[in-house]
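Reviewing the structure listed below.
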Amino acid sequence: MFWAIACLVLSIGAAGQASAGEPASAPQAPPARIVSLTPALTEILFAVGAGSRVVGVTDYCDYPPEAASRTKVGGYVNPSVEAVVALKPDLVVVSPGPGNRDAALAMRRAGVRVEVVAAETLEESLAAIELVARLCGDEAAGRALATRVRARLDAVSRRVAGEPRVPTLFCIQIDPIIAAGSDTLPAQLLEIAGGRNVVSEPRYPRLGLESVVAAKPQLILQARMDAPAAGSEGAEEAFWNRWPQIPAVAAKRVVVLDGGLALRPGPRVAEAAEQLAAILHPAPVPAGARR
């Protein structure tokens, strides 16, 4: 199972978790060497201007492109304690996730400052922006970025106000079928963008095909977690095309999304909402532009 699915589907928990509103430890000097153990937090660090201080990231921290040049310290669920300690960081930031609790505790025992930042839902994403910036010593940058992201999200909501809500299945994985349920980041972005989630179960439930058929989604948003392997391009569409009784399939409205954008909490959530709104409610083509 892909790393991102594990991050989303499994229950989360970590000792010493910081609240969304304040750091776990007392104020300290701005860190000069930072390690990020979460792709979303890596994006936030760069977005608030702390990218030059990031010295280590996970194997899955792929955005912005500059993150690829930083030392890799392992996966999201299994970071290497030795690799992190060797970088002599002033700060390690991590989001609670399956499997990384023991590693975070081991880093703390080694004397490393570890701050746990919740970043899963939309509100947590915005709070994380402000918290990470505060940990880096630039609280104003975090507030400004969070304000800009909120403004873009509000603009998306205004644009689709009054449009019909499109019944949509937001699928995370196809084998087995796992979908975004209520109170998840994808569902929250879907609602802002003018969709209606056909899955009412909480979290990320596993669905049977019969449930999908009965839900009658008019649109299927299919997240692609990683770059497709050679020869696997179109695998998601091919999977759904076997079920033409689903309205979205019959109408050829199965859209494959970049999972890094559509599922990752952080500074690009507004961009994700804008993308979804364009899919759900495309702007009409001006009459003069039609051919």
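The values are calculated or read from the model by the stated rules, or taken from the named source; none is laboratory data. All figures in this text were calculated on a predicted structure; none of them were measured in a lab. Note: ideal-geometry Cβ built from the backbone for every residue, glycine included; neighbour counts use all protein chains shown. The protein model used for the area step is the full one, side chains on, heavy atoms only, and it has no ligands, DNA or RNA in it. Shrake-Rupley method; radii C 1.70, N 1.55, O 1.52, S 1.80 Å.
A few comments on the model shown:
- Some residue of the range 197-207 being modelled with pLDDT under 95 and on the phi > 0 side of the Ramachandran plot: yes
- Every residue from the range 248-267 that is out of contact with any Lys or Arg (no Cβ under 7 Å at 6 or more places or on another chain) and not aliphatic (A, V, I, L, M): Lys252, Arg253, Gly260, Arg264, Pro265, Gly266, Pro267
- Cβ pairs under 8 Å, 6+ apart, first in the range 203-214 and in contact (Cβ under 8 Å) with a residue 24 or more places away in the chain, second open to solvent by 80 Å² or more (accessible area, probe 1.4 Å): Arg203/Asp183; Val213/Gln245
- Yes/no for Arg196 being in contact with a Pro (Cβ under 7 Å, 6 or more places away or on another chain) and among the basic types (Lys, Arg): yes
- Exactly one residue among Ala47, Ala83, Ala68 is closer than 18 Å to Ala133 by Cβ and open to solvent by 10 Å² or more (accessible area, probe 1.4 Å), and that residue is Ala47.
- Applying the condition of being open to solvent by 20 Å² or more (accessible area, probe 1.4 Å) and of a type in the set (A, V, I, L, M, F, W, C) to the range 148-163 and asking which residue is farthest from the chain's Cα centre (by Cα) yields Ala161.
- Candidate set from the range 176-188 (those that are of a type outside the set (A, V, I, L, M) and not in a strand (DSSP E or B)); member that is surrounded by the most Cβ atoms within 10 Å (Cβ to Cβ): Pro186
- Qualifying residue in the range 235-247 (condition: open to solvent by less than 60 Å² (accessible area, probe 1.4 Å) and touching a Phe, Trp or Tyr at 6+ places or on another chain (Cβ under 9 Å)): yes
- Residues in the range 271-291 that are part of a loop (DSSP other than H, G, I, E, B) and either at pLDDT below 95 or under 12 Å from the mean Cα position of the chain (by Cα) (or both): Pro282, Ala283, Pro284, Val285, Pro286, Arg290, Arg291.
- Scope the range 85-100; condition under 12 Å from Gly75 (Cβ atoms) and among the small types (Gly, Ala, Ser); matching residues: Gly97, Gly99
- Qualifying residues in the range 225-270 (those that are aliphatic (A, V, I, L, M) and modelled with pLDDT under 90) - the one nearest to Phe46 (Cα to Cα): Leu261
- Check on Ala119, in contact with a helix residue (DSSP H, G or I) (Cβ under 7 Å, 6 or more places away or on another chain), open to solvent by less than 10 Å² (accessible area, probe 1.4 Å) and under 30 Å from Ala29 (Cβ atoms): no
- Of all residues in the range 65-82 being aliphatic (A, V, I, L, M) and out of contact with any strand residue (DSSP E or B) (no Cβ under 6 Å at 6 or more places or on another chain), the one that is nearest to Leu105 (Cα to Cα): Val81
- Within the range 124-147, the set of residues being open to solvent by 20 Å² or more (accessible area, probe 1.4 Å) and either without any contact (Cβ under 8 Å) to a residue 40 or more places away in the chain or not in a helix (DSSP H, G or I) (or both) comprises Glu130, Gly137, Asp138, Glu139, Ala140, Arg143, Ala144, Thr147.
- Condition check for Glu191 on (1) part of a loop (DSSP other than H, G, I, E, B); (2) free of Cβ contacts under 8 Å to residues at least 12 places away in the same chain: one failure, at (1).
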